[in-house]
Structure formats: C-alpha cells, structure tokens
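Just below is one structure, and these are the notes that go with it.
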Protein chains: 2
Amino acid sequence: MNRRIVVARRPNGMLVEADFRMETVEPPRPAAGEVLLRTRYLSLGPYMRGRLDESSYAPAIPLGEVMVGSTIGEVVESRREGFAAGDLVLAASGWQELAVSDGRDLRKLDPAAAPPTLWFGVLGNSGFAAWVGVTEFARPMPGETLAVAAATGPVGATVVQMAKRAGARVIAIAGGAQKVAYACEVLGADAAIDHHAADFAQQLAAAAPSGIDAYFENVGGQVLFSVLAHLNPRARVAVCGLIAWYDLAGAPAGPDRTPELMGTILRKRLRVEGYILPDWEHRRAAFEDDVLGWLRDDRFAYKEDVVEGLANAPKALIGLLQGKNFGKPVIKL
Amino acid sequence: MNRRIVVARRPNGMLVEADFRMETVEPPRPAAGEVLLRTRYLSLGPYMRGRLDESSYAPAIPLGEVMVGSTIGEVVESRREGFAAGDLVLAASGWQELAVSDGRDLRKLDPAAAPPTLWFGVLGNSGFAAWVGVTEFARPMPGETLAVAAATGPVGATVVQMAKRAGARVIAIAGGAQKVAYACEVLGADAAIDHHAADFAQQLAAAAPSGIDAYFENVGGQVLFSVLAHLNPRARVAVCGLIAWYDLAGAPAGPDRTPELMGTILRKRLRVEGYILPDWEHRRAAFEDDVLGWLRDDRFAYKEDVVEGLANAPKALIGLLQGKNFGKPVIKL
C-alpha cells in the first residue's frame with residue numbers, strides 16, 4: 001500500500017496539522033517508460049506555506065491532492081532506460097511513500113559527490129536562493145556590512161558564508177542562544193543577535209557601528225524595520241522571502257508602516273529588489289559548481305534537522321514556519 | 001524695509017498658515033564682494049514640507065529663520081565683479097523681498113534662452129527629478145507602459161513627455177477633470193485617470209490592458225497600492241517623492257499594508273529604488289541640454305500656476321500639498 005499526506009483544507013491563518021490528512025491507497029504501478037520510486041527523504045521549505053493557498057506566485061495545490069515537495073527516492077522498479085533498481089534520484093514525489101515518474105523530473109544523484117540530502121538544502125533551492133540573492137542583488141563588497149536573518153537555516157547559513165568569503169562584515173540574526181552561537185562559531189559571522197532578545201534593537205545598533213550596506217531579506221516582520229533603521233544610504237535589500245508574514249490570514253492590525261518603509265526607501269535611496277528562482281535557472285550550474293567546490297575543500301558548513309517518519313511532516317512544517325527547526329528540515333522515511 | 005516670512009513653529013501634521021509668520025525687518029546691506037537682490041519670484045515645491053520638520057533627509061529650518069526656497073532675483077546693487085544692477089539671477093534667497101549674496105549660490109539667467117521661471121520647474125529640480133527618475137530608474141522602453149501620478153505638475157508632466165518620447169504607453173494620474181484633459185490633450189498621455197474617481201481602480205485596470213512596466217512614484221498613498229496591483233513581473237518603481245504622506249504626524253491607522261507591499265515586491269520581482277538629487281548633480285548639464293533642446297524645438301509643454309504676493313506663499317504651499325495647484329506653483333512678488 002502507499003501511505004500519503006494530502007491537503008485537507010485551506011489554512012485559516014496559522015497552519016495546523018488538521019490542514020493535512022494521511023491516506024492509505026493502492027500503490028501506483030509504473031507504465032512502460034516509467035520508474036517506481038520509494039521515497040527515502042522529504043525536503044521541507046517555507047515556500048510550502050504559499051502553495052497551500054493563493055498567496056504564492058505558484059498556484060495552490062488542489063484540495064485532496066498529495067502535498068508537493070522535493071524528495072529523494074530510490075528506484076525500486078524501472079521500466080525506463082537509463083534507470084535501474086537501486087538508483088538514488090532527486091524527485092518531486094511529494095509527501096508519499098511510493099510514486100511513479102516518467103523520468104523527466106528526475107535527477108540521478110552520485111552519493112560520492114555529496115551527501116544526498118544536501119540537494120534539498122545548500123545544493124538545492126535553498127542554497128540557490130542564497131547564491132542568487134548574494135551574487136545578483138545584495139552584492140556584498142569587502143569592508144561592507146551585510147545583515148541576514150534566519151541565519152542558521154540553509155539559505156541564511158549560505159548567505160553568511162558567501163558574504164564572509166566576499167570580505168564583508170556579517171551580522172547574523174537568529175532565534176535562540178544555540179543558533180546565535182552556531183552563527184558565530186561555525187558559520188563565521190562577525191556578530192550574531194537573537195531576535196527574541198528584549199534589547200534586539202540596541203544589540204543590532206551595537207553590531208552595526210558603520211551601518212548596514214546590504215540586507216538579505218528572508219523574514220519580514222519587525223526584523224525588517226529594525227534593520228531599515230540601520231541601513232546606509234544606497235544600501236541594497238534583496239527580498240528572497242518573508243517567512244514572518246506567510247501565515248497571515250489578512251493584513252495585520254495597524255499602524256500602517258508603509259509610509260515609513262517607502263519614506264526610508266526614498267530618503268536612504270535604497271534599492272529593494274525581489275527575485276524568484278524560476279527566473280534564474282540559467283545560473284544554477286554556476287551555483288552548483290561553487291558549492292560543490294566549497295564542500296570538496298571542506299570550507300563550507302551546513303546543518304540538517306532530520307525528523308523520522310512521514311506522519312511527522314505536517315508538524316515539522318509548522319515548526320519550520322515558527323522557526324523551531326535548527327538547520328535544513330528533512331523528513332527521513 | 002525687508003518683508004520676510006519665517007518658520008513660526010513645527011507643523012503638527014497638516015501644514016497650516018499659522019506655522020509661518022510675516023515679519024518686517026531692516027533691509028540687508030551688501031558688504032564688499034556681495035550683491036543686493038530684490039526677489040521677483042519664489043518657487044514652491046513639495047520638498048518644502050520636509051524642511052519644516054525632521055522628516056526630510058535635509059535638516060529642518062530652525063524656528064524663527066526665513067523659509068527657504070529657490071528664487072529669481074534682480075540685482076539692485078552690486079559690490080561684486082561679474083554682476084551688475086539689472087542682472088536676473090537664480091538664487092536661494094527664500095521667502096523675503098531683499099537678500100544679499102556673495103554670488104557663489106547665484107546663477108545668471110539669460111531671459112532669451114527660456115522664460116526665467118522655468119528654472120524653477122522644468123529646467124530646475126522638478127524637471128531634473130523627472131529626468132533622473134526616467135533615465136536612471138524607470139527606464140521606459142518602446143512598447144512598455146509607464147504610469148505616473150501628479151502628472152500635470154512640473155515633475156509628472158516632464159515624466160509623461162519623456163516616456164512618450166521613449167516610445168512607451170503612458171498612463172497619467174491626476175486630480176480633477178481639468179488636469180486629466182490636459183494630460184491627454186497637451187502632454188500626450190495615452191490614458192489619464194482622475195484619482196478622485198470612485199471607480200479609479202477599474203479605470204486603471206482598463207487603462208493598463210498589458211499591465212504596467214514602470215511606475216514613477218511621486219505620491220504614495222492609495223495610488224501606490226492601486227498601481228502595485230497592475231505592475232508586471234520585474235517592473236521598476238522609481239521612488240522620487242511621496243507627497244500624499246508628507247503631512248503625516250505619525251504612522252496612519254491600520255491595517256498595516258507592509259506585508260502586502262513587500263509580498264508584491266517579492267512575488268512580482270519588482271525593483272523599487274529611491275533617489276535624491278544631490279547624488280545626481282554630475283548629470284545636471286545633460287538634463288539641461290535635453291530640456292533646452294526640446295523647448296527650442298517647441299516640442300515640450302509646461303504649465304505654471306502663478307500667484308501674486310509674498311503673503312500668499314504659505315497658502316499656496318498648503319494648496320500644493322493638497323494638490324490644489326495646476327502647474328508649477330510660482331509666487332510673483
């Protein structure tokens with residue numbers, strides 16, 4: 001049988017486990033030209049929140065359909081040339097134990113090149129989002145200061161390490177003492193601040209004595225406004241994500257801070273740019289070359305937060321949206 | 001005697017006439033190396049609101065000091081080589097009848113090249129703000145659609161005409177039937193919409209069948225959000241001014257629309273950039289060459305709203321901030 005998790009209903013604001021439903025159905029059978037995959041790992045990411053309703057640039061997943069997501073699968077039966085039982089592939093099977101594919105969405109993985117689950121994180125869209133944001137938008141220069149929130153996740157950790165490599169001073173923002181320590185000690189941030197701290201604004205001021213020249217925006221919320229206050233004239237803001245706001249059912253209560261935001265953009269002559277990965281696929285090979293090189297030379301740190309069991313995927317996704325994970329969330333089946 | 005208008009107090013939200021005070025003082029006397037100027041015209045601009053408190057990038061005018069502003073003066077006594085009685089100069093004497101200058105802030109005007117008051121508007125910072133925003137940030141291309149609000153003022157009117165010259169479709173937003181008609185008939189906009197109209201959003205949708213590729217932002221407020229809804233992916237937003245918000249005493253009531261604004265920047269991959277003119281002085285000569293050329297060829301429309309009398313300057317500035325002027329506001333003394 002095939003166990004799978006489907007979208008049960010549209011979330012009303014904050015995501016809850018009851019927005020999903022576990023089902024057991026007949027296993028799929030591969031037709032000629034197809035392979036049957038057994039899911040080994042699921043990747044979780046904040047983008048998933050947007051796919052559950054109309055708030056993303058991508059269409060919502062229809063109710064009753066399997067929750068989408070990147071997976072690592074093992075070929076258990078191949079009716080397609082080029083694939084054999086035992087092959088490990090990067091797939092998009094979603095939250096289910098078994099799936100068929102015609103091979104077009106599969107990528108064979110070489111377990112010798114890198115641990116396979118890294119293709120979910122620092123070698124996948126998370127690392128790519130960081131790489132595009134740093135190289136194309138935030139562009140930290142030697143001597144400049146870059147700030148990034150969610151700094152220990154796979155996106156933020158890649159941003160921190162790339163900005164250090166570029167010669168910038170890096171301010172890492174993260175939630176909790178453990179993540180703050182990791183950002184400095186393992187990732188090499190020059191300063192790290194706990195966004196839960198009561199004196200967050202004062203700590204940020206102390207960490208940015210020369211202001212902030214580039215902000216990698218992946219959270220939104222109050223952190224954005226705290227950083228805005230310390231941006232230097234002509235600073236760049238690369239808008240990669242807004243996780244603090246993904247759970248909103250509507251516009252939050254006032255006051256309306258858009259005049260403050262737009263006024264800061266004007267007075268400080270900021271450049272604020274959003275980007276999404278489908279526009280940047282032509283740069284993916286260059287990104288993978290970079291990260292594989294850093295991994296090979298052992299000059300690149302990453303962290304995974306592995307949870308066992310398909311049934312725990314909804315809870316882990318909710319935890320991710322609340323910042324409870326520490327490292328790239330991976331579900332091991 | 002010298003009549004002058006000074007800043008009486010800090011405005012509390014909306015500017016009122018009592019924030020200014022008229023004084024009559026001894027006339028200034030030119031020292032050696034100085035000239036005595038009689039003010040002929042004052043220029044009014046929305047930037048003045050920001051100089052009255054701490055909301056601008058420029059420092060606030062101290063209380064009791066003469067209100068600042070560009071002027072056109074006639075030299076009535078010269079103790080400086082290079083200036084003679086009768087010379088017409090662009091100056092920064094502020095709101096007073098008589099002023100002295102050591103000549104360093106003066107620019108002699110040739111009344112034959114262009115009507116002198118145009119140096120307040122389409123040949124001055126208003127035209128320059130439009131020119132920088134269009135050439136460096138909004139960058140309309142042939143076949144694209146550009147939208148601009150306050151489209152009949154000296155900034156907006158220059159934007160409309162430059163964008164048409166660049167081959168773009170232009171949507172002009174203005175307040176009132178008279179301005180809307182002027183935008184189409186005189187400035188050449190392809191569509192013009194009254195922002196007071198109850199069905200403004202529907203009119204904007206109808207005027208932008210292919211979306212909007214570039215928005216010249218000089219107002220803020222609800223117009224910004226209406227335009228955001230029609231921006232195309234990767235559209236550019238040039239943030240030149242936010243006149244709708246200059247009078248705010250604090251953040252307006254909710255809901256807070258920053259998540260909507262930032263979410264739109266992300267999903268539509270917008271580039272939102274603020275700019276201020278002090279960063280662009282190296283381009284001013286190129287701008288003046290362009291506009292003088294268009295004026296010489298009679299291919300450039302402009303409109304002035306001339307009010308007589310120094311005492312009417314505060315009222316005219318308040319009217320400007322409320323969009324009551326029609327054309328560049330000029331005070332004739």
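The values are calculated or read from the model by the stated rules, or taken from the named source; none is laboratory data. All values reported here derive from a predicted model rather than from experimental measurement. Heads up, the Cβs are rebuilt from the backbone with ideal geometry, glycines too, and the neighbour counts pull from every protein chain shown. In case anyone asks, the SASA skips ligands and DNA or RNA and just uses the protein heavy atoms, side chains included. Shrake-Rupley method; radii C 1.70, N 1.55, O 1.52, S 1.80 Å.
General remarks:
- At 7 Å out from Cα toward Cβ: residue A:104 inter-copy label distances (nm, ascending): 7.1
- Length-normalised contact order of chain A in % [C-alpha pairs under 8 Å, at least 6 apart]: 17
- Placing a label point 7 Å from Cα along the Cα-to-Cβ axis, residue B:12 is separated from the same position in the other copies by 4.4 nm, shortest listed first.
- When the surface is traced with a 1.4 Å probe over the full set of protein chains, residue A:14 keeps roughly 110 Å² accessible.
- For the stretch A:66-80, the Karplus equation 6.51 cos²θ - 1.76 cosθ + 1.60, evaluated at θ = phi - 60°, returns couplings of 4, 4, 7, x, 6, 9, 10, x, 10, 5, 9, 8, 10, 10, 10 Hz by residue, with Gly and Pro reported as x.
- Measuring from each Cβ of chain B to the axis carrying B onto A, the nearest residue and its distance in whole Å come out as B:254, 1.
- Each part gets one Cα centre, and for the stretch B:176-237 versus the stretch B:1-52 those centres are 36 Å apart.
- The shape of the stretch A:139-263 can be summarised by an equivalent ellipsoid whose semi-axes, obtained from the alpha carbon gyration tensor, come to 22, 17, 14 Å from longest to shortest.
- Computed [θ] at 222 nm, deg cm²/dmol, chain A (DSSP H ≥ 4; -39,500 (n - 2.57); rounded to nearest 500): -7000 deg cm²/dmol
- Ligands, DNA and RNA left out, the 1.4 Å accessible surface of the stretch A:162-319 is 50% carbon and sulfur atoms.
- Hits among lysines - C-alpha to C-alpha of residue B:303 under 17 Å, sequence gap 8 or more where chains match: B:179, B:324, B:328, B:332
- Sequence-ordered 3J(HN,Hα) estimates for the stretch A:184-196 from the Karplus curve with 6.51, -1.76 and 1.60 and θ = phi - 60° stand at 7, 6, 9, 7, x, 4, 6, 8, 9, 10, 7, 6, 7 Hz, glycine and proline given as x.
- By the equivalent-ellipsoid construction on the alpha carbon gyration tensor, the stretch A:8-53 comes out with semi-axes of 28, 14, 10 Å, ordered largest to smallest.
- Cα-based values for chain B, radius of gyration first and Dmax second, are 20.5, 64 Å.
- Residue-normalised accessible area of the stretch B:129-216, given per residue in Å² at a 1.4 Å probe: 34
- Cut-off under 5 Å, modelled amide H: who pairs with residue B:20 long-range: B:8
- Amide H contacts under 5 Å for residue A:328: A:303, A:304, A:305, restricted to partners 5 or more places along the chain or on a different chain, H placed in the peptide plane at 1.01 Å from N.
- The stretch B:89-166: equivalent-ellipsoid semi-axes (sqrt of 5 x gyration tensor eigenvalues, Cα, Å): 31, 12, 11
- For the stretch A:218-259, the C-alpha radius of gyration sits at 1.28 times the compact-globule guess of 2.2 N^0.38 Å, with N the residue count.
- Accessible surface of the stretch B:8-104 [probe 1.4 Å, protein heavy atoms]: carbon and sulfur percent: 49
- 10 Å Cβ shell holding at most 16 others, DSSP loop, GluC sites (Glu not before Pro): longest site-free stretch of chain B: B:82-333
- Of A:47, B:215, the order by accessible heavy-atom surface (1.4 Å probe, DNA, RNA and ligands excluded), from most exposed downward, is A:47, B:215.
- The modelled label-to-label distance between residue A:104 and residue B:206, using points 7 Å beyond Cα along the C-beta direction, is 4.2 nm.
- Sorted from longest to shortest, the spans of the Cα atoms of the stretch A:65-118 along the three principal axes equal 34, 27, 17 Å.
- For the Cα trace of the protein assembly as shown, dividing Rg by the Kirkwood Rh returns an Rg/Rh value of 1.07.
- Scanning chain B for trypsin sites (Lys or Arg not before Pro) that sit in a DSSP loop and have at most 10 other Cβ atoms within 10 Å, the longest stretch containing none of them is B:105-298.
- Backbone phi angles across the stretch B:137-146, fed through the Karplus curve with coefficients 6.51, -1.76 and 1.60 (θ = phi - 60°), yield HN-Hα couplings of 10, 6, 6, x, 10, x, x, 7, 10, 10 Hz in residue order; Gly and Pro are listed as x.
- Accessible surface buried at the A:B interface totals approximately 3300 Å², computed with a 1.4 Å probe on protein heavy atoms.
- Debye-sum result for the stretch A:200-333 in log10 I(q)/I(0), which assumes one identical scatterer on each alpha carbon, at q = 0.12 Å⁻¹: -0.71
- For the stretch A:229-271, the solvent-accessible area with a 1.4 angstrom probe is 38 square angstrom per residue.
- Dmax and Rg, reported as Rg then Dmax, of the stretch A:23-121 (C-alpha, Å): 14.1, 40
- For q = 0.26 Å⁻¹, Debye-computed log10 I/I(0) when each Cα of the stretch B:125-179 counts as one equal scatterer: -0.98
- Local electrostatic count, residue B:80, Cβ distance below 15 Å [Lys/Arg +1, Asp/Glu -1]: -2
- Summary for residue A:232: label point 7 Å along Cα→Cβ; distances to the equivalent points in the other copies, ascending, 3.6 nm.
- Built amide H within the under 5 Å cut-off of residue A:237, gap 5+: A:215, A:271, A:272, A:273
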